[in-house]
Every structure is written in structure tokens, then in C-alpha cells.
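Just below is one structure, and these are the notes that go with it.
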Amino acid sequence: MTERTTTTTETTIGFPADFVWGAATAAYQIEGAVREDGRGESVWDRFAATPGKVRNGDTGEIACDFYHRYREDIGLMRELGLDAFRFSIAWPRVLPEGRGSVNQAGLDFYDRLVDELLANGIEPFPTLFHWDTPQALEDAGGWTVRATAEAFVEYAEVVAERLGDRVGHWITHNEPWVVSWIGHAEGRHAPGRASEADAVAAAHHLLLSHGWAVDAIRRAAPAAKVGITLDLLHMYPASHSPEDEAAARQMDGEHNRWFLDPVFRGSYPADLVERNELVAPHLRDGDLETIAAPIDFLGVNNYFRQVVAAGGERPRQLRPEGQYTDMDWEVYPEGLYRLLVRVAEDYSPPALYVTENGAAFGDIRGHDGKVHDPERTAYVEEYLGAVARAAAEGAPVKGYFVWSLLDNFEWDSGYSKRFGIVYIDYPTLERVPKDSFYWYRDFIASHRSVSRPSPSARTASE
Ligand code: IFM
């Protein structure tokens, strides 16, 4: 492989003047307050409370206490100079049983959050579903059954009716591949199932609910931009041999095209024969047209690439020499560049946002009280270089959201992985901006166009 490697000097390439600078989070990972104001139980509450599922027995019960400290955190966002904040709405706060009676107190929280963001000149980018399925729905079959997709649309309608007058960008789902395969086939995430058939069913219902929700949001907020966020990986064949190329294509199909094709083309990739057999019983007339409802943007989450070789029954993932983060994810900015260019070429999305990118490192608070995290700064700087290069080559990238604003609950790894540009001292919940925070602040300031359009003007002009 003779790839060009992105270097830090590439960050001198400009970003479009109206580029959106953001930071991302998710409800269960930061909010805490899991039993407050009528919130119902989610699959992650249940999963985290099950011994052996999450490292150190950590749970999201307190997390970063964002539910109570969001004003302080918005102050940090303002100091950063963020244009936008990506957060998710906890479905069980709004509909504790997943459908039926609406919990106004839960909805009020997001109402206050949106108002506070706007008052600080920060555009809200809510995600409707970042994995916290109401447990009541899981008990009735969860994402493996169509009824959960129907319930999701009820939820989307309730939220869009309440916030649609102020929210200009909506993301329906976050990383449906992770929910489906890590949650339903590998069992490492909630709800902890271990069946490929369940994963395929879950993925179909997540996609279907996305299509329905696009329509529901547009009915409530006709001017809003609506998209979905996928976790995508550029697949590199280990060699140019036909076997390795085929293995990489298979992995690309399973991870990327299984979601991109239905969303942009209204079909599942035909080369994945076994998957097509598994999805067939769940497919009804009109489903694929629903899933392919035109969207305004695609959110791309990317952290690393994958190098794939043929071998055995399944393609093998290799672990090339290089730098790795605390998640054991390879640092490879070129992979993001290639991914963005490829998605733009193959699927022509009207707009792309990098809705997550960042790195976990083993941060410690030094004797000076500060957190020095040069690896994270270098990571973000190099990946931003890759984004700029893709934009310069015509990929319609409109914004970047660093994952994450705060250290937070990293799912089955609990609090052992720190992704934040703000350190959380968990015993006291003190927020300590890391060096990368100040770097990002200065980077944003130096790339900001002189006169920024207001959040609403930005939505209108996209
Ligand atoms: O923390 C997660 C996030 O919830 C989804 N995308 C990947 C992040 C890091 O693992």
C-alpha cells in the first residue's frame, strides 16, 4: 500500500467559510439523573446494572451530571467558540414506556437545553436515538420487532413538535451498525443479545424507523434539515491480491454498504447473500422506499480504518504497525480522507458532517492541576487536515464535531476511557479543560470567518 499520509501541515488548508465547528456527546454517556423527573428505564440502565457487563461495574447513574450542570457546560462551549453542540435526547425521559404517555418534565429538560444553547449562539444538533432504547420496548422484542420502529416515530413526532420551532438540524439515529451488531450479535452492548438474525432484524427496523422519522420531523418542522449518522470505516485490502480485495469488499459491504445502500439507493447490497436471506422475512413492500427518503445530510462518525485480509471462513482484520489510542484504535487520518471522498463519489450526499471523531488517551491530572494531552491534540489536528483535504477535493463536508466535549461513560468500558477535551474529575465532577480544549478553541478562532451567519440563517442557506 503506497498511501499518502496526512501531515499536520495540511491543517493550513482552509475550511469553507460557513464550516460548522462542534463537539458531540450522547445522553446516557453524560446526563446522569437516571431516575429523575419521571425518566423511564433504558436498556443501558439494565445492562450496566447486570454484573460483568461493564468494566468496574460502572453505570450512567451520575455520569457527568450534565442534567444538572448543562449551563456550566454550555459556558465551556461558549469559551471554545463552538457553532454547534451535538447531544442526544433520551427516549425514556420523554416516553418512559417507549410510547403512550409523554413525560413533560423530561421534554422540558431538552427545551431548556435548546434555549440555553441558542441564547449562547450555539446551534443544537440533537440525535433522537443514541442507543438508550426504553426497557419496556426491549421487553416487547426491542429492535428485532417492527413495533419498536413504529414507537420510534411516535417519539420523533413528540420531540419534533416540541423543539421543531428552534432546532434546525436533526439526526435520527447514531451508528445503527453498532446497535445492531455490537448490541444484538456480539452482545457487548445493551441489550446484550447474541444472534446474527437479531442483528439483521434490528438493523432493518432501525433503518425503517429512520425513514419514517424523516417524514415525521419534516411534517413538524418543514424547514429543518434531517440526516442520519453512520459509523463508517475505510477498508484497505491487505494486498492487491484478488482474495484480499474481495475480503475488503465483503467487510465494506457488511459495515458500510449495508447502511449506505438502503439510505441512498433504496436497496440492500446484493452481494451479501446470507444477509439478504436473513432480512427477507422483515422486508415489506415500500420499506426500502421509506428508508431511502431523501435526506439533507449524512453524519459520518470515524475514528480509524480497517486493514482486511482473506483467510479462513471470514475476512480477517489485521493490526498494522503504527500509533494506537487507548481504545486500541489505529491513528490513521488518511482513512477519514479516503472515506469522505469515497462516500461523496459513490453516494452524492447533499452534505456531510463529521459528527464524531476524536481519541481516548490515558489522561491524568498533573501536579499543576492541568491535563496535558498532546496526543489528542495531534490526533484532532491531523484528522482535521484530512477533512480539509477531502473538502478541497469536492466532498461536501460542512462541519466537524469532536468526540467528545467531556470525558464520559464509554459504554462497556465504563469510565476507563477518556475521550473528552474536558477532563472530568469523577469524584467531584469538576470540569478541567485539557490542553486540547485550548488548542481547539484557538484553531476554531483562527479558522472562523469574520462574520458568522446566525444558526437560523445557516440552516436556510444549506
Ligand atoms: O462513545 C462512542 C459514541 O457513543 C459512539 N461513537 C463512538 C464513541 C467512542 O467509542
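Worth a mention:
- Residue identified as touching a residue at least 60 places away in the same chain (Cβ under 8 Å) and either of a type outside the set (D, E, K, R) or in contact with a Pro (Cβ under 8 Å, 6 or more places away or on another chain) (or both) among 174, 120: 174
- For the stretch 53-71, the condition of being out of contact with any strand residue (DSSP E or B) (no Cβ under 8 Å at 6 or more places or on another chain), surrounded by fewer than 24 Cβ atoms within 10 Å (Cβ to Cβ), modelled with pLDDT of 95 or more and aromatic (Phe, Trp, Tyr) holds for at least one residue.
- Evaluating residue 191 against the criteria (1) under 19 Å from residue 42 (Cα atoms); (2) touching an Asp or Glu at 6+ places or on another chain (Cβ under 9 Å); (3) in a helix (DSSP H, G or I) leaves one unmet condition, (3).
- Among the residues of the stretch 254-277, just one is β-branched (Val, Ile, Thr) and within 21 Å of residue 214 (Cβ to Cβ), namely 263.
- Test: residue in the stretch 140-153 that is crowded, with 21+ Cβ neighbours inside 10 Å, among the aromatic types (Phe, Trp, Tyr) and farther than 30 Å from residue 79 by Cα: yes
- Residue within the stretch 1-20 that is among the charged types (D, E, K, R), assigned to a loop (DSSP other than H, G, I, E, B) and modelled with pLDDT of 95 or more present: no
To keep it simple, each residue is scored yes or no on (1) touching a Pro at 6+ places or on another chain (Cβ under 8 Å); (2) closer than 21 Å to residue 429 by Cβ; (3) in contact (Cβ under 8 Å) with a residue 60 or more places away in the chain; (4) β-branched (Val, Ile, Thr).
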| site | (1), (2), (3), (4) |
| --- | --- |
| 365 | no, yes, yes, no |
| 369 | no, yes, yes, no |
| 380 | no, no, yes, yes |
| 386 | yes, no, yes, no |
| 392 | no, no, yes, no |
| 396 | yes, no, no, no |
| 409 | no, yes, yes, no |
| 413 | no, yes, yes, no |
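- Scanning the stretch 60-74 for residues that are outside any helix (DSSP H, G or I) and free of Cβ contacts under 8 Å to residues at least 60 places away in the same chain yields a single hit, 61.
- Which numbered condition residue 228 misses (of (1) in contact with a Gly (Cβ under 6 Å, 6 or more places away or on another chain); (2) touching a residue at least 24 places away in the same chain (Cβ under 8 Å); (3) of a type in the set (A, V, I, L, M)): (1)
- Test: residue 65 is out of contact with any Phe, Trp or Tyr (no Cβ under 7 Å at 6 or more places or on another chain) and over 18 Å from residue 26 (Cβ atoms): no
- Selection from the stretch 159-176 of residues that are assigned to a helix (DSSP H, G or I) and buried (at least 21 other Cβ atoms within 10 Å of the Cβ): 159, 160, 163, 176
- Criterion: within 18 Å of residue 175 (Cα to Cα), modelled with pLDDT of 95 or more and not small (Gly, Ala, Ser) - qualifying residue of 333, 294, 315, 349: 349
- Sole residue being more than 30 Å from residue 32 (Cβ to Cβ) and within 16 Å of the ligand (Cβ to nearest atom), chosen from 324, 347: 324
- The stretch 138-171, subset among the aromatic types (Phe, Trp, Tyr) and touching a residue at least 60 places away in the same chain (Cβ under 8 Å), residue nearest to the ligand (Cβ to nearest atom): 143
- Qualifying helices (runs of 4 or more DSSP H) (wholly inside the stretch 244-359; at least 3 residues being in contact with a Ser or Thr (Cβ under 6 Å, 6 or more places away or on another chain), surrounded by fewer than 14 Cβ atoms within 10 Å (Cβ to Cβ) and free of Cβ contacts under 8 Å to residues at least 24 places away in the same chain): none
- Within the stretch 401-448, if we keep just the residues that are of a type in the set (Asp, Glu) and touching a strand residue (DSSP E or B) at 6+ places or on another chain (Cβ under 7 Å), the residue that is farthest from the ligand (Cβ to nearest atom) turns out to be 425.
The values are calculated or read from the model by the stated rules, or taken from the named source; none is laboratory data. No experiment lies behind these values; they were computed from the predicted model shown. Cβ coordinates were reconstructed from backbone atoms using ideal geometry, including for glycine residues, and neighbour counts include every protein chain displayed.
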